[in-house]
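Step one of this worksheet: look at the structure below.
The values are calculated or read from the model by the stated rules, or taken from the named source; none is laboratory data. Quantities reported herein were computed from a predicted structural model and do not represent experimental measurements. Reconstructed Cβ throughout: ideal geometry from the backbone, glycine too, with neighbour counts over all protein chains shown. When the accessible area is computed, the model is the full protein with side chains, heavy atoms only, and any ligands, DNA or RNA have been set aside. Shrake-Rupley method; radii C 1.70, N 1.55, O 1.52, S 1.80 Å.
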Amino acid sequence: MTEVVIKVEHLKKYFPIKSGFFRKVTGFVKSVDDVSFDIKENEIMGLVGESGCGKTTTGRTILRLMDKTAGSVLYKGKDIFGYNKNNMRKIRPEMQMIFQDPYSSLNPRMTVGDIVGEALLDHKLCTKRELNERVMAMITACGLAPYHIERFPHEFSGGQRQRIGIARALILNPRFIVADEPVSALDVSIQAQIINLLVELQHKKGFSCLFISHDLSVVQHICQRIGVMYLGSIVELAESEELFKNPLHPYTKALLSAVPIPDPTLKRKRIILKGDIPSPANPPSGCKFHTRCNCATERCLHEVPIYRNTGNNHFVACHLYVGV
Ligand code: SF4
C-alpha cells in the first residue's frame, strides 16, 4: 500500500481584521477554511484556483511557515504543529518550498554556490569539503553549468533563476515539496522546460509534491490528482484524467472551459463566470460559489453543500450531486 506522506485534516487559517483605536479584532479573513486532503508517496498533487483563493496560504501552512487556526497537518503520521522548535528544525530539510518569484526569493548578495549550499551547512548535512561537490552535482542536475556557481542571481534569466530555486530546495533531499506557482512568472516557452525538469527530478528522487497553480493546463500533465479551490475551500478533487474527462463542480467546468485544446478544428464553449471572487472576509452564505454559479438554486443560498465522494474517489461539494 502506498504510504501517505502528508495528511491535511480540516485545516483552517484565518487572519484577524483589526480596526479602531484599540485595534480590536472585528472579523477574520478566512484564507483557508476547512481543507482536507492527503498526498501519497511519490505523488504530485495539483491545487488550482483563481488568485486569492487560498492556495498559497494552504501550502505555507502545510509547511508550517505560518501558524494554523485549526485542524492538523500530519507528516508521516505525526502532527507537525505538535513539534517543538528543535524537532521542527530536524524535519525542515525534508519539507521544502519552491517559490513563485525566483528573483525575490534569492539573496542578490550571495553567489549561486552559496545560495544552493547554505541550507546544507546550516543543517550540518555535509562538511565544507563535500559542499562544493554536492552543490556542483545539484546545479548541473538542474540544467545549470558548473561555472554558474560563482555568479549572482541578477546575472541569470527568469528560467535559470527558477532552476537555482529548484536546486536550493532539492539539495536537501526533501521527501515533500510545495511548488508554489513555480512557472507562472516565466515565459510560456520556458514554462515547459521547468515543468519537465521538475518531473524528471521527481522521478529520479521520488519526492511527493503539492503543485500550486492558477492554470489547469499546467497541472494537467504532471499531477496524478487535482484539487480545485474556491474561496478557501476545496470544491472538487479527483484523479487528473477523471477531472478533465468528467468535471462535476460548475466552478471546475468554468476553469476547464478556459483551457485551450491543442486541435484547431475543435472548439470548447467558454463559460464566463459572472462577477468577481467575493471577499474571504465576508464569504457568501450557503454555497460560497452561489453568487457566480449558473446552476444556483434557492437551496444553494442557505445550505452549505457537503464535500462528498461521488464514486471513483471523485469528491465534490455541490448540491447537484449525491454521494455514494
Ligand atoms: Fe452552484 Fe449550488 Fe452547486 Fe454551489 S451548490 S456550485 S451554487 S449548484
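When we screen Leu256, Leu231, Leu216, Leu186 for residues that are touching a Gly at 6+ places or on another chain (Cβ under 6 Å), aliphatic (A, V, I, L, M) and either touching a residue at least 12 places away in the same chain (Cβ under 8 Å) or within 28 Å of Val4 (Cα to Cα) (or both), the only hit is Leu186. Take segment 222-273 and flag every residue that is at pLDDT below 95, of a type in the set (Gly, Ala, Ser) and out of contact with any Lys or Arg (no Cβ under 7 Å at 6 or more places or on another chain). Residue satisfying the conditions is Ala254 alone.
Among the residues making up segment 170-180, those that are of a type outside the set (Phe, Trp, Tyr) and open to solvent by less than 20 Å² (accessible area, probe 1.4 Å) are Leu170, Ile171, Leu172, Pro174, Ile177, Val178, Ala179, Asp180. Screening the candidates Val199, Val219 for the property of being out of contact with any helix residue (DSSP H, G or I) (no Cβ under 7 Å at 6 or more places or on another chain), assigned to a helix (DSSP H, G or I), modelled with pLDDT under 95 and crowded, with 23+ Cβ neighbours inside 10 Å yields one hit, Val219. I'd like to know if segment 102-119 contains one or more residues that are surrounded by fewer than 18 Cβ atoms within 10 Å (Cβ to Cβ) and touching a Ser or Thr at 6+ places or on another chain (Cβ under 9 Å). No, segment 102-119 contains no residue that is surrounded by fewer than 18 Cβ atoms within 10 Å (Cβ to Cβ) and touching a Ser or Thr at 6+ places or on another chain (Cβ under 9 Å). In the set (1) out of contact with any Pro (no Cβ under 6 Å at 6 or more places or on another chain); (2) within 23 Å of Ile91 (Cα to Cα), Leu172 fails one condition alone, (1). Of all the listed residues (Ser31, Ser51, Ser36), the sole one being on the phi < 0 side of the Ramachandran plot, open to solvent by 50 Å² or more (accessible area, probe 1.4 Å) and among the hydroxyl-bearing types (Ser, Thr, Tyr) is Ser51. For beta carbons closer than 7 Å, sequence separation of 6+ or different chains, a first residue in segment 294-307 that is within 17 Å of Leu237 (Cβ to Cβ) and touching a residue at least 24 places away in the same chain (Cβ under 8 Å) and a second that is within 8 Å of the ligand (Cβ to nearest atom) and open to solvent by less than 80 Å² (accessible area, probe 1.4 Å), the qualifying pairs are Tyr307/Ala317. Just one of (1) open to solvent by less than 50 Å² (accessible area, probe 1.4 Å); (2) in contact with a Lys or Arg (Cβ under 7 Å, 6 or more places away or on another chain); (3) in contact (Cβ under 8 Å) with a residue 24 or more places away in the chain fails for Lys68. It is (1).
Only one of (1) on the phi > 0 side of the Ramachandran plot; (2) surrounded by 15 or more Cβ atoms within 10 Å (Cβ to Cβ); (3) not β-branched (Val, Ile, Thr) fails for Met45. Which number is that? Unmet condition: (1). Within segment 17-72, the set of residues being part of a loop (DSSP other than H, G, I, E, B), under 19 Å from Ile98 (Cα atoms) and touching a Ser or Thr at 6+ places or on another chain (Cβ under 7 Å) comprises Glu41, Asn42, Glu43, Gly54. In the condition set (1) in a helix (DSSP H, G or I); (2) open to solvent by 60 Å² or more (accessible area, probe 1.4 Å); (3) touching a residue at least 40 places away in the same chain (Cβ under 8 Å), Arg134 is compliant with all but (3). Would you confirm whether or not segment 250-261 contains a residue that is open to solvent by 70 Å² or more (accessible area, probe 1.4 Å), basic (Lys, Arg) and closer than 26 Å to Pro182 by Cα? Yes. Note on segment 238-249: among residues that are in contact (Cβ under 8 Å) with a residue 12 or more places away in the chain and touching a helix residue (DSSP H, G or I) at 6+ places or on another chain (Cβ under 8 Å), the one that is surrounded by the most Cβ atoms within 10 Å (Cβ to Cβ) is Leu243. Residues in segment 189-213 that are in contact (Cβ under 8 Å) with a residue 40 or more places away in the chain and of a type in the set (Ser, Thr, Tyr): Ser208, Ser213. For first residues located in segment 278-292 and surrounded by fewer than 19 Cβ atoms within 10 Å (Cβ to Cβ), partners that are polar (S, T, N, Q) and lie 6+ apart or on another chain with Cβ distances below 8 Å form the pairs Pro278/Thr291; Pro284/Thr291.
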